[in-house]
Amino acid sequence: MDAPAPHPVVTLDGTSGSGKSTLAQRIAAALGWSVLDTGTLYRALAWGALQAGVEDLASSADVLAAMPVTHFRPNAQGASILVIEGLADRAVLTRDAVSDAASRVAALPEVRQALLALQRDAALAGPIVAEGRDCGTVIFPQALVKFFVSADLEARGLRRAAQLGTAAPDAAERLAQRDARDQSRASAPLERPQDAVDIDTTSASVEACTAFAVAKIRERLARAR
Ligand code: DC
């Protein structure tokens, strides 16, 4: 069994576009905690591999060799920002080519293993809200609260299309493809943790979801004291 993190950890796992990043930011702001955005770590790795011209994205050695230098730095709001050396415009990370490559490199067990310690170390400095696909199942199995965030594919497609300025049906199709890859891979697939608390963001407001999550976290913190 893994040793518990020294500070409280809350995890949010869920599909692409489910709203977990927004929710993680809001929850962290309400509590004064940091955010560990694990998806950005995989996106940074994918971006580095594409930049370096790695031809075979299934070669974990080549992909890891192209990993840009990264570290976490708190911003003014206390959120943990992943600093990616050599990347001037972070918007690049949400482009379809990078999203697609991120989902591919995230399927490689050696890659996941290499990023594990970096992600766990983020909990050493203070309390965090960790969001991704395997935060509650693999990275922090002893988290105080594990949320599983979901939303209908149609709603997720609309959100992603608004973000990228593309057509909603195309965005939904790409999301469905990435979900299928994230859920069917052998290494740490996206799974609902057994003891998860569900949040469906399809028609609930961000404020309502945040209030629900924060109340649940405060309840568990009080019980743990
Ligand atoms: O959350 P996101 O869309 O930024 O994640 C990008 C990709 O990284 C996604 O296809 C799945 C992968 N990922 C993962 O496998 N494990 C995580 N903890 C976070 C992201």
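The values are calculated or read from the model by the stated rules, or taken from the named source; none is laboratory data. This one's a predicted model, so the numbers in the text were calculated from it and none came from an experiment. Note that each Cβ is placed from the backbone with ideal geometry, even for glycine, and that neighbours are counted across all protein chains shown. Calculation scope for accessible area: heavy atoms of the full protein, side chains included, ligands and nucleic acids excluded. Shrake-Rupley method; radii C 1.70, N 1.55, O 1.52, S 1.80 Å.
Odds and ends about this structure:
- A search for C-beta distances below 6 Å between a residue of segment 47-58 that is closer than 23 Å to A88 by Cβ and any residue that is in a loop (DSSP other than H, G, I, E, B) and among the aliphatic types (A, V, I, L, M), counting only pairs 6+ apart in sequence or on different chains, returns G48/A66; G48/M67; A49/A66; A52/A66; V54/A66.
- Filter result (of a type in the set (G, A, S), buried (at least 16 other Cβ atoms within 10 Å of the Cβ) and away from the ligand (no atom under 16 Å from the Cβ)) within segment 169-225: A213
- Within segment 144-166, restricting attention to residues that are small (G, A, S) and either open to solvent by less than 20 Å² (accessible area, probe 1.4 Å) or more than 15 Å from the chain's Cα centre (by Cα) (or both), the residue that is nearest to D37 (Cα to Cα) is A151.
- Selection status of V9, touching a Phe, Trp or Tyr at 6+ places or on another chain (Cβ under 9 Å), in contact (Cβ under 8 Å) with a residue 60 or more places away in the chain, of a type in the set (V, I, T) and surrounded by 15 or more Cβ atoms within 10 Å (Cβ to Cβ): yes
- Among the residues of segment 12-27, those identified as more than 8 Å from the ligand (Cβ to nearest atom) and surrounded by fewer than 23 Cβ atoms within 10 Å (Cβ to Cβ) are T15, T22, Q25, R26.
- Residue list for segment 31-77, restricted to those being farther than 25 Å from G136 by Cα, open to solvent by 30 Å² or more (accessible area, probe 1.4 Å) and either within 16 Å of the ligand (Cβ to nearest atom) or not in a loop (DSSP other than H, G, I, E, B) (or both): L50, Q51, L57, A58, A61, D62, A65
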